[in-house]
Amino acid sequence: MRIVVVEDEPAIADFLVRGLEAAGYSVALATDGPSGERLVLGGEADLVVLDVMLPGKGGLEVLASIREVRPHLPVIILSAKGEIEDRIAGLDSGAADYVTKPFSVPELLARIRAHLRTGSAEGGRIRAGAVEVDLLSRRAWSGGAEVALSPREFSLLACFARHPGEALSRERLLAEAWGYEHDPGTNVVDVYVGYLRRKLGDPAAIETVRSAGYRLPTGDGR
């Protein structure tokens, strides 16, 4: 697997390259936006780790260019900009994940493995009970009927589909679907679960698990 790292801080870039190579990945490094863009679009890449504050061209601009040519390539933003608004901007721009500096290499490696599995699994389709999601085309179906979802609704449903039958806490859902590291005192998860239930056409499509969060049933009694 080949990972492209686009990072302009020498110490962090060296740390990343050594950590990724030690984990068995082939790594290519770019230290500015334009060269990172050329490296991704002109060669083989299975995943990109992308800084936001880059010389020459900002990370979100680079991400936009990548999405035009390779819409399904996993891109993980790695940035010192950790405010909620920054995370939302990154995810809504098409990033698969958003990790803030300072970061844990084992956690970053776990996220990389998860996104590489998602990108290679069965065309990106996941089935859980009556629900099916296509991670590549970002389409969803319930009981065989396609459901029109907003980007955030799709991200939340995809999170449930990746963990069928598992009770997911609000904090975990915030982290995976919104990129929050903690609950900022918002009921946004509850609101969006309500949206999903209505659009899926079944109030029980996503179950409430008392004191634990929510769960997408598998259809086999779990």
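The values are calculated or read from the model by the stated rules, or taken from the named source; none is laboratory data. No experiment lies behind these values; they were computed from the predicted model shown. Every residue, glycine among them, receives a Cβ derived from its backbone with ideal geometry; neighbour counts consider all protein chains shown. Note: accessible area is taken over every heavy atom of the protein model, side chains too, but ligands, DNA and RNA are not part of it. Shrake-Rupley method; radii C 1.70, N 1.55, O 1.52, S 1.80 Å.
Looking at region 27-48 only, could you name the residues that are without any contact (Cβ under 8 Å) to a residue 40 or more places away in the chain and within 21 Å of E107 (Cβ to Cβ)? V27, L29 - these are the residues of region 27-48 that are without any contact (Cβ under 8 Å) to a residue 40 or more places away in the chain and within 21 Å of E107 (Cβ to Cβ). For region 12-57, a tally of residues being among the small types (G, A, S), open to solvent by 20 Å² or more (accessible area, probe 1.4 Å), part of a helix (DSSP H, G or I) and within 24 Å of P71 (Cβ to Cβ) returns 2.
Is there a residue in region 62-74 that is among the polar types (S, T, N, Q) and modelled with pLDDT of 85 or more? Within region 62-74, one or more residues are among the polar types (S, T, N, Q) and modelled with pLDDT of 85 or more. What do you reckon, is D92 open to solvent by 40 Å² or more (accessible area, probe 1.4 Å) and modelled with pLDDT under 90? When the stated conditions are applied, D92 passes them. With respect to the stated conditions, S79 is surrounded by 19 or more Cβ atoms within 10 Å (Cβ to Cβ) and of a type outside the set (D, E, K, R). Looking at region 190-222, which of its residues are aliphatic (A, V, I, L, M), closer than 26 Å to A96 by Cβ and at pLDDT below 90? The answer is A205, and nothing else. Among the residues of region 100-115, just one is loosely packed, with under 14 Cβ neighbours inside 10 Å and polar (S, T, N, Q), namely S104.
Out of everything in region 1-11 that is under 22 Å from the mean Cα position of the chain (by Cα) and outside any strand (DSSP E or B), what residue ends up being farthest from V105 (Cα to Cα)? Only one residue tops the list, namely M1. Tell me, yes or no, whether region 157-178 has at least one residue that is touching a Phe, Trp or Tyr at 6+ places or on another chain (Cβ under 7 Å), surrounded by 18 or more Cβ atoms within 10 Å (Cβ to Cβ) and at pLDDT below 85. The answer is yes; a qualifying residue exists.
When the test is whether a residue is in contact (Cβ under 8 Å) with a residue 40 or more places away in the chain and buried (at least 16 other Cβ atoms within 10 Å of the Cβ), V133 does not pass it.
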